[in-house]
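The values are calculated or read from the model by the stated rules, or taken from the named source; none is laboratory data. For clarity, every value in this text was computed on a predicted model and none was experimentally measured. These area figures cover heavy atoms from the full protein model, side chains too; ligands, DNA and RNA do not enter into them. Shrake-Rupley method; radii C 1.70, N 1.55, O 1.52, S 1.80 Å.
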Amino acid sequence: MQKSFAQALSAHILVVLLILAALLIHAVPALLAGLLAFTLCRALLTQFRLNLPSIKFPERLVTLLVGMGALAVLIAAVTGVARAMNGENLSDLLLTLAHTLEQSKQYLPASFSMDLPDTVVELKQVVADVAKEHAAVVAGVGTGALHGILLALVGWLVGCLAACRSPSTSTAEQPVFFQVWNTLWSNFVQAFSCVAFAQIKVASVNTVCMGIFLLIASPMLGWTIPYAKTLVLATFICGLLPVVGNLISNTLTTVMALTVSLPAALTALGVLMLIHKAEYLILSKALGAETGTKIWELLTVLFAGELMFGMPGMVTAPIIYTFARAELRRHGWLPPAGA
């Protein structure tokens, strides 16, 4: 009994250390990509086994299929962004920003508006000066992005290979450490699935609402907000980040609406605030239905994760919290969900 307890405790400690290591060494892209690949591969394998029970599908082929699917999704995303931009380039964006700044000056205090650039040339100069002053930071961002992409690819491959490993049917004779280890990671994958799909639902609802406002309601009111299709796409992408992503897309939309008129910007801000408040309800319902997590708990772990580990901590905080709650429930330290 003492040996079994030691093995179970060692498995718990090792899992916690590995998750902390992923945060500390900035390997979160690999962790998330691996979890996503594992989830998709297992879902595909399950569907094949259920729908084609008489056919022994070569499981390793799923790795190739999922890898090709990921590449197809990436190409489709890039193509979608290019089409959404509709030929708009950086010069057009700078012109729009300059026009926005010029319009906003009449609504801002004189002490603040004096510091804003007046023309596109001045705006370009400001951008150039900032880029020169923080050249090392800009270069670091590019290097960090490339590093993150490479980590995500490695994590994706590892997740596919792990999912395609045939599960053992006999667990009675396996060591306690191995049993607990598999259980913990299975529960962690389940926590990731709950949070990921709940956030996808929230992002989808936000995107639909934003699309209705930008592409239908605004033109009916006589407001043609620039980059509308791009803003709708950005809403979905940013919406995959809990809470903070919605704030980013809201800021972009409000700034672009300000290029049309102040009433358009105020209307957009009001609509976006309603959508943002609805996100709390949707996320709490979607995530709470699976884990019992309340919105105040979610906000607390989001801010705590961001304070301790930055953006990677904010992204992984809901997953870790959902996993921890499930484990505490499994061991009887918390009441069952819904109790």
Can you grab the distance from the C-alpha centre of segment 174-212 to the C-alpha centre of segment 1-27, Å, no decimals?
20
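Roughly how many percent of the accessible protein surface of segment 187-280 is carbon and sulfur, given a 1.4 Å probe and a whole-percent answer? Before the final figure, lay out the partial values.
Working: 3240 of 4000 Å².
The value for segment 187-280 is 81 percent carbon and sulfur by accessible area.
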From zero up to wherever the largest Cα-Cα distance of segment 180-258 sits, split into 10 Å bins and tell me the percent of pairs in each.
19, 39, 21, 12, 7, 2, 0
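Keeping all protein chains in place and using 1.4 angstrom, which order do T183, T224, T253, T207 fall into by accessible surface area, from largest down?
Values: T183 55, T224 115, T253 0, T207 25 Å².
Accessible-area ranking of T183, T224, T253, T207, largest first: T224, T183, T207, T253.
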